[in-house]
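So the structure is just underneath, and the comments pick up after that.
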Amino acid sequence: MTTTLLKHEWLRTRGALGMYFGITVLVGLFGSLLGASGWSVLSVLGLLLAFLAVFVLVPGVQLLLVADYWRSGYGRTGYFTQSIPVRGATIFRAKLLWAVLVSLAAVVLTALLGWVVWWAVAINSGVTSPSVAVIGDIMADLAEIAPAWMIVAGAILMLASFLVWPIYYYFAVSVGHENRFAGMGAAGPIVVFVVLYVGMQVASLLGMVAIPLGIGMEGDRLGLVSFNVLDEMTVGTATSEAMPIGFLATMGLILVFCAWRTVRSWNHKVALR
């Protein structure tokens, strides 16, 4: 059933996704060509367009899918979706899986487009041009100061930081359409997302307080070091060069909660209007 639902997700969204990806990539390529031209103002404008295309590719496509999630689950076609003889959790999982797959494709496109923009910048600025050898040198330098497990974990967390946002967005849309928010209309999901975002910031701080660890230099290599966020806040200026990691635990808990709560909403608390 999940495969069938994924097929329908593809059929329903392929037009909008194809148009968005096509326009964004074309803007990025056109901007890169202008940036490589060396034509004074046009070159700067082109690079600005190229960087904009790189930065909006992933979040833009996710917001596009959120709009489709809202419309297909709770908007004009919501009654049809909710009438499908399948548990709401199954429908939600298919929608979320589709969002993750599309986001992953957007990440790959971002990397490829970023490579082109790097090339455009290098032509007129003296920056080293992109190549496999350059990437290999960067990885080799990184391997000299960081253990393998840290590099792998960092890569996984960086990728996850792009892919998890649909869970938060879908949570806000689903909970914002429950009976308790029925009188707020379209503002319900927005209010839920704002509350969620504020809660995430507070939870991040609590996580750093509860787990006072960070990643920093130990001698000539990176490792786990002590990081006291309260001391940093008391001093008022950054006295440690470590990057805190305590917030990852609380962010993971919030992520799991949002996924579980959205499943529960689809199974028991759908309120179409």
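The values are calculated or read from the model by the stated rules, or taken from the named source; none is laboratory data. The structure presented is a predicted model; accordingly, all values stated were derived computationally and were not measured. Because the Cβ atoms are built from the backbone with ideal geometry, glycine has one as well, and the counts that use them run over all protein chains shown. Heavy atoms of the whole protein, side chains included, go into the accessibility calculation; ligands, DNA and RNA do not. Shrake-Rupley method; radii C 1.70, N 1.55, O 1.52, S 1.80 Å.
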Length released on extending from residue 67 to residue 150, taking residue separation times 0.36 nm less the Cα-Cα span: 26.2 nm
task: Can you send over the carbon and sulfur percentage of the accessible area for the chain, probe radius 1.4 Å, protein chains only?
output: 74
field: Accessible surface, segment 119-242, averaged per residue in Å² (probe 1.4 Å)
entry: 58
- prompt: Taking a probe of 1.4 angstrom, what is the accessible area of residue 128 in Å², to the nearest 10?
  reply: 90
statement: the chain, Gaussian network, Cα under 10 Å: of 133, 120, 89, the residue fluctuating most is 133
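Give me the extension gain from residue 124 to residue 179: residue separation times 0.36 nm, minus the current Cα-Cα distance, reported in nm with one decimal.
14.0 nm
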- request: With +1 on each Lys and Arg Cβ and -1 on each Asp and Glu Cβ, and nothing else charged, work out how big the dipole of the chain is about its Cα centre, in Debye to the nearest 20.
  value: 1780
- request: Over 25 Å, how big is the tail of the calculated P(r) for segment 92-242, in percent of all Cα pairs?
  value: 57
task: Please report, in Å, the Rg and the Dmax of segment 1-156, where both are computed over Cα atoms only.
output: 20.2, 61
statement: Taking the square root of 5λ for each eigenvalue of the C-alpha gyration tensor of segment 1-78, the equivalent ellipsoid has semi-axes, largest first and in whole angstrom, of 35, 12, 8
- prompt: On full extension of the chain, what length is gained from residue 253 through residue 45, given 0.36 nm per residue of separation minus the C-alpha to C-alpha distance?
  reply: 70.6 nm
statement: For the chain the mean separation of alpha carbon contacts under 8 Å (6+ apart) over residue count, i.e. relative contact order in percent, is 19
query: Given [x] 22.9, 73; [y] 17.6, 54; [z] 22.1, 62, which label gives Rg and Dmax of the Cα atoms in Å as computed from the coordinates?
result: [z]
field: Accessible area in square angstrom per residue, segment 1-96, 1.4 angstrom probe
entry: 55
